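The values are calculated or read from the model by the stated rules, or taken from the named source; none is laboratory data. Just so it is clear, the structure is predicted and the values come from calculations on it, not from any experiment. Counting neighbours? That spans all protein chains shown, and the Cβs are built from the backbone with ideal geometry, glycine included. Side chains are part of the model used for accessible areas, which takes the heavy atoms of the whole protein and leaves out ligands, DNA and RNA. Shrake-Rupley method; radii C 1.70, N 1.55, O 1.52, S 1.80 Å.
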Amino acid sequence: MAGLVPPGNPTATLGEEAALAAKKIDEVGKKVDYMNLPCPIPYEELHREALMSLKPELFEGMRFDFTKGLNQKFSLSHSLFMGPTEIPSQSLGTVKIPIAHYEFGANFIDPRLMLFGRVLTDGRLNARLKCDLTDDLTLKANAQLTNEPHMSHAMFNFDYKGKDYRTQLQLGNGSFFGANYIQNVTPHMSLGGEVFWAGQHRKSGIGYAARYETDKMVATGQAASTGMVALSYVQKVSEKVSLATDLMYNYMSRDVTASVGYDYILRQARLRGKIDSSGCASAFLEERLSMGLLFILSAEVKCTMSYKALLPASGTSASSITELFYWCAFTFISHILEMCFYK
Amino acid sequence: MVGMVPPDSTATLGEAAATAKKIDGIGKKIDYLNLPCPVPYEELHREALMSLKPELFEGMRFDFTKGLNQKFSLSHSVFMGPTEIPSQSSEAIKIPTAHYEFGANFIDPKLMLFGRVLTDGRLNARVKCDLTDDLTLKANAQLTSEPHMSHAMFNFDYKGNDYRTQLQLGNGALFGASYIQSVTPQLSLGGEVFWAGQHRKSGIGYAARYETDKMVATGQAASTGMVALSYVQKVSEKVSLATDLMYNYMSRDVTASVGYDYILRQARLRGKIDSTGCASAFLEERLSMGLMFILSAELDHRKKDYKFGFGLTVG
């Protein structure tokens with residue numbers, strides 16, 4: 001009824017005018033309630049959507065993972081990997097040697113306490129712990145032990161979750177101290193910062209981060225005094241498709257890498273593809289063949305825009321144009337795979 | 001009615017026919033003038049080779065065949081993956097290589113032409129021409145950019161009633177001849193001689209092949225020191241098992257392998273294990289009409305070399 005009164009009607013009552021003004025503000029821009037902002041995501045998960053879309057776990061060779069749940073909280077995992085792995089070589093460019101390893105893992109998952117342990121046949125041990133000390137305070141610990149001396153490290157994190165902010169304190173071996181803080185300033189935007197001090201390497205640094213998210217997109221930016229600037233943008237085009245792009249710039253070493261990728265989440269499969277400004281195209285397909293059985297295909301084609309010298313025995317020297325053709329053919333193949341797997 | 005006459009009574013001509021039918025029932029009388037034509041000499045171990053030696057590869061393979069008309073088709077093939085290079089240490093060292101192969105095929109009942117050219121400078125050409133009903137000319141050439149690595153071979157095959165004979169001429173003064181004859185409906189025996197002028201080598205070899213509906217057994221021995229035996233048993237319509245023994249009596253090298261071959265409606269899976277500790281498997285799955293997905297795996301436990309490949313064949 002308030003809308004039937006023409007604006008500026010001299011005979012309008014106070015109540016009717018107030019209702020009209022409040023309704024107009026509501027329609028123009030929802031009034032932001034600064035006392036009830038949502039809690040932001042943790043600082044280390046700032047680029048989470050971009051990382052999930054653009055950086056799948058690519059591998060070369062064969063991978064077989066088997067997870068067996070012993071009861072509701074405890075499960076064991078067996079993981080086998082066989083394939084060529086790159087070793088640094090001066091003369092030949094990329095040299096690969098076939099290696100194989102087996103990883104045994106145990107997971108204990110409880111609402112308040114989570115424990116993960118992994119041990120590999122090459123002598124490495126990974127252990128992770130996540131414990132909710134109170135409703136707001138969480139302790140996380142992470143240790144990686146190896147046979148080689150001075151290559152093991154451990155890190156402890158104390159996370160405190162406030163109403164619309166989060167703060168974290170990090171303690172690591174080699175006198176590593178770090179702290180970060182992130183705060184929601186509007187329902188869509190959160191800003192944060194971090195400082196760290198690495199005693200062993202005598203380094204310290206400070207960094208800033210910002211994240212803007214809506215239902216359809218997420219944009220993040222991060223800059224640190226170590227010289228790293230990282231920007232990312234993820235757009236959710238539809239329920240099944242999202243596109244992501246990423247820029248990493250190091251202003252100390254003047255290195256820039258930009259990448260563009262897509263993420264198709266279909267009913268039975270998930271296909272992620274990405275192309276880089278360094279000429280690296282990759283794709284990662286996970287297809288659910290049946291309940292509990294997931295088939296994975298991973299491909300990465302790297303071509304550098306320079307001549308590579310190969311051994312005379314192979315009889316060829318690859319030119320950048322030929323390599324460019326190869327990754328075009330590869331992208332074509334990933335589209336064929338798409339076409340044949342998803343009608 | 002014929003079977004009801006007892007054998008020791010006054011036999012008539014009709015009863016003689018009854019005894020002939022009994023002989024047919026016990027063991028078919030072999031008609032030595034109408035034996036089947038044997039398989040060609042080079043295809044002696046064909047079933048064992050198909051089951052035990054699939055084209056294993058490492059990396060990615062993509063083949064696309066496009067038919068332009070009924071007789072002519074083009075093929076594009078891309079391969080990307082690590083390739084082994086010879087190294088001094090016992091470990092295998094691999095370098096990633098990639099090549100593209102363009103091919104053209106012309107297929108006619110009397111004439112077949114195949115050509116392939118690769119980006120690393122190699123050219124393959126094959127010709128198969130039926131000069132008459134019984135005489136076939138086959139030619140095969142492989143040219144490379146490296147000097148002295150190209151070779152060519154011409155074969156003249158004559159197919160007789162129950163025998164085949166072949167004459168081979170190759171570069172580097174290579175001359176060869178082979179002959180194979182069916183001696184019973186199941187057994188065929190053959191021999192070959194060759195003379196390689198450039199390497200000053202000559203040799204002679206013998207081969208035998210025994211096949212029935214359910215199994216094929218072959219044996220081959222040559223004066224170069226090679227003895228190869230194989231046995232393939234067709235267990236059912238879908239499954240066949242094969243085994244193979246290769247022995248070189250000059251270098252005292254023995255390799256035995258056992259494998260299986262499952263031919264299913266949409267897929268074909270071949271697996272094999274070797275006495276050198278090498279296990280391999282090869283899966284071809286038809287995803288839809290004209291689209292085939294390939295997975296290849298080879299684990300060499302003695303050399304600690306693991307090779308995995310995937311590929312797609314279209315058309």
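Within region B:142-164, track down each residue that is surrounded by 14 or more Cβ atoms within 10 Å (Cβ to Cβ), away from chain A (no Cβ under 14 Å) and among the polar types (S, T, N, Q).
Just the residues of region B:142-164 that are surrounded by 14 or more Cβ atoms within 10 Å (Cβ to Cβ), to begin with: B:142-144, B:150-159, B:162-164.
Adding the requirement that they be away from chain A (no Cβ under 14 Å) leaves B:151-159, B:162-164.
Listed by number, the list holds a single entry, B:ASN155.
Out of B:GLU101, B:GLU84, which single residue is assigned to a strand (DSSP E or B) and either in contact with a Leu (Cβ under 8 Å, 6 or more places away or on another chain) or over 30 Å from B:LYS304 (Cβ atoms) (or both)?
Working: B:GLU84 fails: either in contact with a Leu (Cβ under 8 Å, 6 or more places away or on another chain) or over 30 Å from B:LYS304 (Cβ atoms) (or both).
So the residue among B:GLU101, B:GLU84 that is assigned to a strand (DSSP E or B) and either in contact with a Leu (Cβ under 8 Å, 6 or more places away or on another chain) or over 30 Å from B:LYS304 (Cβ atoms) (or both) is B:GLU101.
For residues in region B:117-141 being hydroxyl-bearing (Ser, Thr, Tyr) and more than 14 Å from chain A (Cβ to nearest Cβ), which is nearest to B:LYS159 (Cα to Cα)? Full working, then the answer.
Of region B:117-141, the ones hydroxyl-bearing (Ser, Thr, Tyr) are B:119, B:132, B:136.
Among the residues that remain, those that are also more than 14 Å from chain A (Cβ to nearest Cβ) are: B:132, B:136.
Working: B:THR132: 10, B:THR136: 8 Å.
Only one residue tops the list, namely B:THR136.
Could you look through region A:45-84, keep only residues that are open to solvent by less than 50 Å² (accessible area, probe 1.4 Å) and within 13 Å of chain B (Cβ to nearest Cβ), and pick out the one that is nearest to A:MET217 (Cα to Cα)?
As a first pass, look at region A:45-84 and keep what is open to solvent by less than 50 Å² (accessible area, probe 1.4 Å): A:46-47, A:49-50, A:53-54, A:56, A:59, A:61, A:75-77, A:79, A:81-84.
Keeping just the survivors that are within 13 Å of chain B (Cβ to nearest Cβ) gives A:59, A:61, A:81-84.
Numbers: A:PHE59: 29, A:GLY61: 35, A:PHE81: 36, A:MET82: 38, A:GLY83: 38, A:PRO84: 38 Å.
In this case the residue turns out to be A:PHE59.
Across region B:131-141, what is the number of residues that are within 30 Å of B:THR184 (Cβ to Cβ) and surrounded by fewer than 16 Cβ atoms within 10 Å (Cβ to Cβ)?
Our first condition is that a residue be within 30 Å of B:THR184 (Cβ to Cβ); within region B:131-141, this holds for B:132-136, B:138.
Now narrow it down to the ones that are surrounded by fewer than 16 Cβ atoms within 10 Å (Cβ to Cβ): B:132-135.
Of the residues in that region, 4 qualify.
In the list B:SER275, B:SER296, which residue meets the criterion of being in contact with a strand residue (DSSP E or B) (Cβ under 6 Å, 6 or more places away or on another chain) and either within 10 Å of chain A (Cβ to nearest Cβ) or open to solvent by 30 Å² or more (accessible area, probe 1.4 Å) (or both)? Walk me through how you get there before you give the answer.
On the way: B:SER296 fails: either within 10 Å of chain A (Cβ to nearest Cβ) or open to solvent by 30 Å² or more (accessible area, probe 1.4 Å) (or both).
Criteria check complete, one pass: B:SER275.
Quick one: would you say B:SER150 is touching a Pro at 6+ places or on another chain (Cβ under 6 Å) and not β-branched (Val, Ile, Thr)?
On the way: touching a Pro at 6+ places or on another chain (Cβ under 6 Å): no; not β-branched (Val, Ile, Thr): yes.
Judged against the criteria, B:SER150 is not a match.
Any residue at all in region B:252-264 that's farther than 24 Å from B:SER90 by Cα, away from chain A (no Cβ under 11 Å) and among the acidic types (Asp, Glu)?
So far as region B:252-264 goes, yes, one or more of its residues are farther than 24 Å from B:SER90 by Cα, away from chain A (no Cβ under 11 Å) and among the acidic types (Asp, Glu).
Of these, B:GLN70, B:GLN142, which one is polar (S, T, N, Q) and out of contact with any strand residue (DSSP E or B) (no Cβ under 6 Å at 6 or more places or on another chain)? Spell out the reasoning first.
On the way: B:GLN142 fails: out of contact with any strand residue (DSSP E or B) (no Cβ under 6 Å at 6 or more places or on another chain).
Exactly one residue qualifies, and that residue is B:GLN70.
Checking B:VAL232 against (1) within 30 Å of B:LYS66 (Cα to Cα); (2) more than 11 Å from chain A (Cβ to nearest Cβ), which single condition isn't satisfied?
The one condition B:VAL232 does not meet is (1).
Please verify whether region B:300-308 includes one or more residues that are touching a Phe, Trp or Tyr at 6+ places or on another chain (Cβ under 6 Å) and within 10 Å of chain A (Cβ to nearest Cβ).
Of all residues in region B:300-308, those touching a Phe, Trp or Tyr at 6+ places or on another chain (Cβ under 6 Å) come to none.
No, that holds for no residue.
Look through B:PHE114, B:PHE102 and report the one residue that is within 14 Å of chain A (Cβ to nearest Cβ), more than 30 Å from A:ILE97 (Cβ to Cβ) and within 25 Å of the chain's Cα centre (by Cα). Full working, then the answer.
Numbers: B:PHE114 fails: within 14 Å of chain A (Cβ to nearest Cβ).
After ruling out the rest, the residue left standing is B:PHE102.
Can you tell me which residues in region B:196-214 are in contact with an Asp or Glu (Cβ under 9 Å, 6 or more places away or on another chain), without any contact (Cβ under 8 Å) to a residue 40 or more places away in the chain and surrounded by 15 or more Cβ atoms within 10 Å (Cβ to Cβ)? Talk me through it step by step, then tell me what you get.
Of all residues in region B:196-214, those in contact with an Asp or Glu (Cβ under 9 Å, 6 or more places away or on another chain) come to B:203-207, B:211.
The next check asks that each one be without any contact (Cβ under 8 Å) to a residue 40 or more places away in the chain; those that pass are B:203-206, B:211.
Listed by number, the residues that qualify are B:GLY203, B:GLY205, B:GLU211.
Please find, within region A:246-264, the residue that is farthest from B:PHE310 (Cα to Cα) out of those that are surrounded by 15 or more Cβ atoms within 10 Å (Cβ to Cβ) and touching a residue at least 24 places away in the same chain (Cβ under 8 Å).
A:ASP246
Any residue in region B:178-188 that is touching a helix residue (DSSP H, G or I) at 6+ places or on another chain (Cβ under 6 Å) and either surrounded by 17 or more Cβ atoms within 10 Å (Cβ to Cβ) or without any contact (Cβ under 8 Å) to a residue 60 or more places away in the chain (or both)?
The initial filter retains those residues of region B:178-188 that are touching a helix residue (DSSP H, G or I) at 6+ places or on another chain (Cβ under 6 Å), namely B:178, B:180.
Checking the rest, the ones that are also either surrounded by 17 or more Cβ atoms within 10 Å (Cβ to Cβ) or without any contact (Cβ under 8 Å) to a residue 60 or more places away in the chain (or both) come to B:178, B:180.
Scanning region B:178-188 turns up at least one residue that is touching a helix residue (DSSP H, G or I) at 6+ places or on another chain (Cβ under 6 Å) and either surrounded by 17 or more Cβ atoms within 10 Å (Cβ to Cβ) or without any contact (Cβ under 8 Å) to a residue 60 or more places away in the chain (or both).
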